[in-house]
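Q: One structure, as structure tokens, below. Some questions next.
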Amino acid sequence: MELDTFVLSAVLLLIAASIAVALFKHLGLGSVLGLLVAGIIVGPHSPGPQVTTHVEDVRHFTELGVVLLLFLIGLEMKPGRLWALRRDVFGLGSLQILVSGVAIAAYVSLYQASWKTSLLIGLTLALSSTAFVMQLLQERGEIASRHGSTAFAVLLMQDLAIVPLLALVPILSTTGALSSEIPLWKQIMIVIGMLGLVWGFGRYLVPFALERLARQNNREGFFMVVMLAVFIAAWAMHQAGLSMALGAFMMGMLLSETRYSMQIQALVEPYKGLLMSLFFVAVGMSIDLQAIAAQPGLFAQHTLVIVVIKLVVLFLLALAFGLPRNVASRLAFMLAQGGEFGFVLFSSAKALNVIDDTTFILAIGVISVSMLATPVLVRIGDALARRAEQQQSPGEKYRYHAETGTRGARVILGGYGRVGHTVATLLQRSGVPFLAFDTNPANVARGKADGFPVYYGDIGDLELLTAAGAQNATLVVLTIDHGPTALRAVSHLRNAYPNLPIIARARDLNAAGDLLQAGATQAFPEAIESSLALGANALNMVGVAVENVDLLLQGVRKENYDLVRPVTHDG
């Protein structure tokens, strides 16, 4: 029975998703698999209660999550790093599509009369799921690893391949749907024009607007401009016949070199997470259990053969490109599923009568079920990779762990005013890596001019702290002069990272007490410390031994400044 009320549908969806995610996370299978199962449960093809029968519309809307995901990846992918991946993008990525596509087409030709249709199906099924793979890599903290960066390079080439594949569909159609209204040269000019629009918008206009809004401390306007930039880039690429996600990725890369990149990531992350979760649920809702049950043997055969073909081809190509066996194993099992763009390509092919309804249902089912199996495949790849690592030489093991290890220990500095500048200088002179954040664009600009890694951002924002890698930090130093922000930052940090040391600046003893109560490891009242420095110099100048003065100051700090605390008189 389908529920007509939107609120009841939302409640049903949330109940199913919450229980499934909690259960699958507990079993160690990951949240993505739980969301897929939740989609199957509430989908129109299950015997239970249904959220909606308009699955395709839901999937189109939730693809905005893929757009935001690629935008955030672009924020982390500097242009220099992308250039370093060019061999994997155009070499390994192109060969993976062509070799896997031809091999799958050869298998499909056993069941399809037309070799052209078989080739289209083969090349489409050769694509992998950008949404699934990047979400898994992000959850596991492996985007910067060797297999993570290589997987991203292959997926980027697959996104680029969508354009010629979409153009191939009307060519194969016998309905005369191929439009000759727009000549090829004009289509190329449209693509170039849209690329130039995105570049100019992201390189000049967006940073200019963000600068003005940051100076006004207009957080809502800042967020709106960011989202506008993402969707304009996505729209421009869609108008050019390219992938919307590719446009968002370009905008992310353009903004990655601005001093606002960390704050942008913190603002967008929650919305991306929500839409991506709904996307996985929508994919689960697409799985037609009745169609699978009608031909279970044939369906299982198709799925198994296609996954194995992709596994073998990608593993051998990875070895041919010089990747170690452990990296090749992880890469192959991570990219063995079908991709979400297959839904678009097969829908277009069905609309133009390139494929029939039976082929369409089987193809969509193969993509959906292979996605469903991805978390399990990744675990198998990890197990094989660990076995391969045990057989590596010590030099290979060191190189692998250096590539896949987490970021080094560092300090997160909240505030880059006069105190923050002093602390940053001491850290830099001592060779301690750090990141600094400030909500005053002038301070951020001064930090950049000083050659320090200073970014625009609210240190009291938990998403920003996560984006800055607080989970890998060894210390947080708060030098900000705004008490509520400092208290909020300390509270978030202490709740999220109970063992992370936090030292904070306070205006006076009362503020220091509040920070200590909120969870700060140490809090230094600025006025008292200035007075202690003045008093210490006075004692030294009248002949008191330096050792005695140091012991006195240590005692004052150890006793929580009780010795110098002002005495209040009642009445």
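A short reminder: the numbers here are calculations on the coordinates, not readings from a lab. Quick caveat: nothing in here was measured; it's all calculated off a predicted structure. All Cβ positions, glycine included, derive from the backbone under ideal geometry; neighbour counts span all protein chains shown.
Q: So how do ILE503, ILE459 line up by other beta-carbon neighbours within 10 Å, fewest first?
A: ILE503, ILE459
Q: Quick one: of LYS25/LYS272; LYS116/LYS310; LYS310/LYS350, which pairs are farther than 28 Å apart, Cα to Cα?
A: none
Q: What is the distance in Å between the Cα centres of the range 439-472 and the range 240-294?
A: 25
Q: For the range 300-381, what does the relative contact order come out to in percent, with C-alpha contacts under 8 Å and a separation of six or more? Present the calculation step by step, with values, prior to reporting the outcome.
A: Details: 68 pairs, mean separation 30.0, N = 82.
Computed over the range 300-381, the figure is 37 percent.
Q: Counting other C-beta atoms within 10 Å, which of ASP57, ASP514 has the fewest, and how do the rest follow?
A: ASP57, ASP514
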